[in-house]
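Reviewing the structure listed below.
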Amino acid sequence: MEQCCRFIVILSTVLVVANAQIDGGMRLSRNLIPRHYTLRLLPHVLDESDNAMVDGFVQIDVRCTQDTRQIVLHAVDVRVNLESIKVYDRASRERFFVQNITQDVENQFVILHIRRKYLVKGANYVIAMNFISRLNSQDKPRGFYRLKYMEAGQPSVMALTQMEPVDARKVFPCFDEPNMKADFTIIVGRPANMISVSNMPLFKTLPVQELPGYQWDYFHRSFAMSTYLVSVAILDSPSWLSLSDGNIKLRLWARPSLLNHTKYFLKVARKMLDFYQNYLALDFPLPKQDLIAIPNTETAMENWGLMIFGEQFLTYEVGITSSEKKEFNTLAMAHEMAHQWFGNLVTLEWWGELWLNEGLATYLSYVAVDQVFPEYKMEEKFVLNEMQKVMQDDALITSHPVSQPVNHPEEIISLFDAISYKKGATLLRMLNEFLGQKTFKQGLTRYLKKLEYGSAVQEDLWSAFTHQAAINKVKLPYDIKFIMQTWTKNVGYPVVTISRNYSARIATAVQSRFLLNQVNNVSNENNDLWVIPLTFMTPSLNGETKLRWLPPLSRAENFTDLNVEDDQWVICNVNRSGFYRVNYDERNWNLIWAQLLHDPEQIPTISRAELVDNAFHLARADLLPYRMALNLANYLRKETEYLPWRSAFDAFQYIDAMLIRRPSTYEAFKQFIVGNLAPLYEQLTVFSQIIDGKDSMRLLSESTKWACHWDQKDCVANALVVYREWMTRPNEPEVVPADLKRVITCTAVRHLNWPEWQFAWTKFQESNIQTEKSDLLNGMACTTNTSLLSSMLKWTLDDSSNHENIYFLDVIKSIASESLVGRDLAFDFLLSNWVALKRRYNGRPDSALESVTSSFNNLSDLEKLESFQKENGENDLIPYLYGITETNVLWMAKHYQSIDEWLHQLRI
């Protein structure tokens, strides 16, 4: 490498220079458009100090679109060698001298000022420079970072990049916006005994003349891609599996001890790649796709040609990995593979439209898994995993639209939330429902082919669907763009209230924004209205579903063609095809309840799950009496399907958290649930029956988890028998079904003592399967021994134990969720160690604090949050948690008494 002589430091602490002429705020001007980067990186992987660096060189070929004397690039924490900077005309080789460099720290720009001359519109130029950037430690896994781990008892190291969303600028000076795509030629310097991998295949290796013991790896030139997709990994003693089919080579890289456990997901990767190529009628353009399993991280990143996953996403072992984890990891693979087209081939134009990447990848991952592994029934589970979860987040006054402006680079990371992923996906599912699968699929292909290697805004997607709908003669009452922008531009979602005139056989549908806390409701202006595809079914339709559209210019719409008897029910939003809730008049709710008690299968499974979820959330929002939601739940003793039960368990979990400090009411609540659960539990015969089908296994797992949680006697007794049997046969993991390992460990540890906890700890240390380790550790968190709980909490900050830190933040959540004692211990631990945890886990403790405080519901809890703020300084999360706690306090004031009375009347 060339020795650097004089540097300018591009740091966030440098003051803004007044004469930096930047137009457009945080966005780059389009005076210069990058065409190609030659990027050379040599990270000092073996430097053990805290100041390890990356030596680099970048040459950028650009086209000038407007006369200018400024070259504006992104750079953060990068030192540029002033004397190495070269700017010249590509054709004439005329040199342009850089007069000085200024910085716009707020917008993370470095500006090169050209002396006297202008770069001329229409000409092509080359910008080149040497630089040094940081090689971060694993507690700051952004940009280029180093990760240490243990393999076969020996310390090992790897280095890799994480550029999304705006961290390429922390590695090299660049045009770091997603729509400023360019080709890349990447050269990586590495120790001779290590291996490097990048987006494209390797084509030659040469020694680093200036640094003995290092080698340069040269990779083929890439296709045009965004800077956030640039990826490099340097691996220590790796092993790999390969799978070739046609012109695309797949390789999976993992540490040797884990390699055999990754075979299954390499095959899954191949199946997903084949599915998307066929489904989208568009070939994967790269010659290879690498996957890397990374220890001690929860990463999953879709870099083009080099996907990176935490090890838990790529490991599977029969009898060890639960069906839930297997499904989840299959979805993760499908999600990242979908990004190879949606995000990599066609990229969002700007981060405010992040949902175009993440919403499409999330929804299509379910489509892919449902097609490739139909036994998982993932299209149905979308409603539980994505839609119902985001409906809680989007029902808060603090929610935001799917599409939103971004005003500062630091705001971008906050967009990677449930609204972008889950709501974006749910809106696309709704679009698929009213367009039809054929038109939806063909519209996606049209979108990709028109914009491949380019970028898109949401209008491009609507245009592709509009064109395809016209070709396929799909009739809609409104333009697709108009329909969908009422959902992407508005915050929240509606509740549609159906009021029937039973004698006239007509109904009125009224829409309004749904908020969990109606006290904080806001007035609904016209821009808060949605174009709603309202589907409905009645018994007289014999299973047929009809569609009516609620227009955006009126809150109320009358339907005169219901054709339903006054003793028959009406159910809207059939199979939860639309992103809205539905409420009914009391008589219609009672007719639905009667049908569920008599013959629940006359209503589709997804709709039964929706009815349970809607009833409890409408009650929580004070739009339905809790007695009606609880009455409806009494039908569950006749329910045998996974989806409705999961909806019920999710709804019961909130009430459980609210009532746990009221012993008499809580005991009545547990008996109510256990009574409804008993027929299902008996039918499954829990531990002895061989379960036929993956969905039955998921139902078994969920029912056992909650039956034991609510102390159902047979469940607890069976769990203890199985756990003790495992202790006598510790080398036979099949003694405990993988799907039940966590709940059985939890139940045994909670009801027994030290030997059972110690046995679980021993099995945790012996295992090298991350999903099993997670199940065991979270099961251990169920102990009621405060000394053990305190020890487990301290592990999160233990540098000397070689514990895998990836698990421990989840342990804090588990400890808090299992008992009041655990919750109080967890909160006190977070209060006392917040600064250290934030430093160690790079911001991730926020999710632990949110989980620990989710059951706060009295004035004392509000005081605890105030103390936390005083003790640990300003934190944007605390006002949010304070608001959640105030909502819970209000819930107790409004609903506790009526629930308590209903439960005790039930026991009389």
>> Could you tell me the relative contact order of the chain? Use alpha-carbon pairs under 8 Å, at least six residues apart, and round to a whole percent.
In response: 7
> Considering amide H positions built from the backbone, and no H for Pro or chain starts, which residues 5 or more places from residue 583, or on another chain, come under 5 Å of its amide H?
Replying inline: 496, 497, 498
> Stretch residue 274-residue 453 to full length: gain in nm at 0.36 nm per residue minus the Cα-Cα span?
Replying inline: 62.4 nm
> Across 5 Å bins from 0, what is the distribution of all Cα-Cα pair distances for segment 330-390, in whole percents?
Replying inline: 4, 20, 26, 22, 16, 9, 2, 0
> Taking neighbour counts of Cβ atoms within 10 Å as a proxy for exposure, in what order, fewest first, do 510, 268 appear?
Replying inline: 510, 268
>> Could you tell me the calculated FRET efficiency between residue 714 and residue 791, based on Cβ-Cβ distance and R0 = 41 angstrom, to the nearest 0.05?
In response: 0.80
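Would you mind checking 438/741; 325/838; 117/450 for any pair whose Cα atoms are more than 30 angstrom apart? Could you put the intermediate results ahead of the total?
Values: 438/741 42 Å; 325/838 28 Å; 117/450 39 Å.
Beyond 30 Å: 438/741; 117/450.
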> Can you list the HN-Hα couplings for segment 479-490, worked out from phi with the Karplus curve (6.51, -1.76, 1.60; θ = phi - 60°), rounded to whole Hz and with x for Gly and Pro?
Replying inline: 5, 4, 4, 5, 4, 6, 6, 5, 9, 8, 8, 7
> Given [x] 120.7; [y] 53.7; [z] 38.6 as candidate values of mean projected area of the Cα convex hull in nm², which corresponds to the one derived from the coordinates?
Replying inline: [z]
>> Tell me which of 174, 118, 211 sits at the most positive position along the dipole axis of segment 1-237, charges placed on C-beta atoms (Lys, Arg +1; Asp, Glu -1).
In response: 118
>> Residue by residue through segment 603-620, what is 3J(HN,Hα) from phi via Karplus (6.51 cos²θ - 1.76 cosθ + 1.60, θ = phi - 60°)? Round to whole Hz and write x for glycine and proline.
In response: 10, x, 4, 5, 5, 5, 4, 5, 4, 5, 4, 4, 4, 6, 6, 5, 5, 4
>> With every atom except the alpha carbons ignored, what do you get for Rg and Dmax of segment 255-295, in angstroms?
In response: 12.6, 38
> Once the Cβ-Cβ distance between residue 66 and residue 257 is put in as r, and R0 is 56 Å, what FRET efficiency do you end up with, to the nearest 0.05?
Replying inline: 0.50
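Listed here are the pairs 713/813; 86/140; 813/870; 181/381; 148/389; which of them are more than 28 Å apart at the Cα?
With Cα atoms farther than 28 Å apart: 86/140; 181/381; 148/389.
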> How many percent of DSSP beta bridges within segment 1-237 run antiparallel, rounded to 5?
Replying inline: 90
>> Report for the chain the percent antiparallel among DSSP-assigned beta bridges with both residues inside it, nearest 5.
In response: 80
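Tally Lys and Arg at +1 and Asp and Glu at -1 over the other residues with C-beta under 15 Å from the C-beta of residue 725: what net charge comes out? Show your work: numbers first, answer last.
Working: positive: 724, 729, 741, 763; negative: 732, 734, 756.
With Lys, Arg at +1 and Asp, Glu at -1, the neighbours total +1.
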>> Tell me the net charge near residue 356. Cut-off is 10 Å between Cβ atoms, residue 356 excluded, with +1 for each Lys or Arg and -1 for each Asp or Glu.
In response: -4
>> Suppose only helical runs count, i.e. DSSP H with n ≥ 4. What mean residue ellipticity at 222 nm does that imply for the chain under -39500 (n - 2.57) per run, divided by all residues and rounded to the nearest 500 deg cm²/dmol?
In response: -12500 deg cm²/dmol
> Between 260, 275, 340, whose Cα lies farthest towards the positive end of the dipole of segment 239-340 when Lys and Arg beta carbons carry +1 and Asp and Glu beta carbons carry -1, centred on the Cα centre?
Replying inline: 260
> In bins 5 Å wide, starting from 0, what share of all Cα pairs of segment 608-667 does each bin hold, as a percent?
Replying inline: 4, 19, 28, 24, 17, 7, 1
>> List the residues, sorted by chain then number, that are 5 or more residues from residue 568 or on another chain and whose placed amide H is less than 5 Å from its amide H.
In response: none
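Output the direction-averaged projected area (hull surface divided by four) of the convex hull of the alpha-carbon atoms of segment 239-340, in nm².
Working: hull surface 24.5 nm².
Here the figure is 6.1 nm², rounded to one decimal.
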> Cα centroids of segment 167-228 and segment 32-80: how far apart, whole angstrom?
Replying inline: 12
> At what distance in angstrom do the alpha carbon centres of segment 388-423 and segment 87-141 lie from each other?
Replying inline: 34
>> Could you give the length gained by full extension between residue 117 and residue 472, i.e. 0.36 nm per residue of separation minus their alpha carbon distance, to one decimal place?
In response: 122.2 nm
> Which translational diffusion coefficient, to the nearest whole µm²/s, is obtained for segment 161-306 from the Stokes-Einstein equation, given a Kirkwood hydrodynamic radius over C-alpha pairs, 20 °C and 1.002 mPa s?
Replying inline: 130
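What's the local net charge at residue 173, with K and R +1, D and E -1, over the other residues with C-beta under 15 Å away? Provide the component values of the computation, followed by the final result.
Working: positive: 40, 79, 86, 134, 169, 170; negative: 55, 61, 77, 104, 167, 176, 177.
Neighbour charge sum, excluding residue 173 itself: -1.
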> Which of the lysines could be linked to residue 249 by a straight reach, that is with a Cα gap under 21 Å, when you skip same-chain ones fewer than 8 residues away?
Replying inline: 204, 263, 267, 271, 288
> Between residue 206 and residue 731, how many nm apart are label points set 7 Å from Cα along the C-beta direction?
Replying inline: 5.5
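Mind checking the dipole of the chain: about its Cα centre, +1 per Lys or Arg Cβ, -1 per Asp or Glu Cβ, Debye to the nearest 20?
Working: 92 positive and 105 negative charges, 448 e Å.
The dipole magnitude comes to about 2160 debye.
Which FRET efficiency value, to the nearest 0.05, is calculated for residue 93 and residue 51 with the Förster distance at 41 angstrom and r the Cβ-Cβ distance? Numbers along the way, then the final one.
Working: r = 38 Å, r/R0 = 0.93.
The value I calculate is 0.60.
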> Of 170/773; 170/423; 377/638, which sit over 26 Å apart, Cα to Cα?
Replying inline: 170/773; 170/423
> Taking H as built 1.01 Å from N, whose amide H comes closer than 5 Å to the amide H of residue 532, not counting residues under 5 places away?
Replying inline: 550
>> Below 16 Å, Cα to Cα, which aspartates and glutamates can residue 473 reach? Residues fewer than 8 away in the same chain don't count.
In response: 433
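Any read-out appearing in this document is the output of simple, stated calculations on the displayed coordinates, not a laboratory observation. Given the structure is predicted, the values throughout are model-derived calculations rather than measurements. FYI the Cβ positions are ideal-geometry reconstructions off the backbone, even for glycines, and counts take in every protein chain you see.
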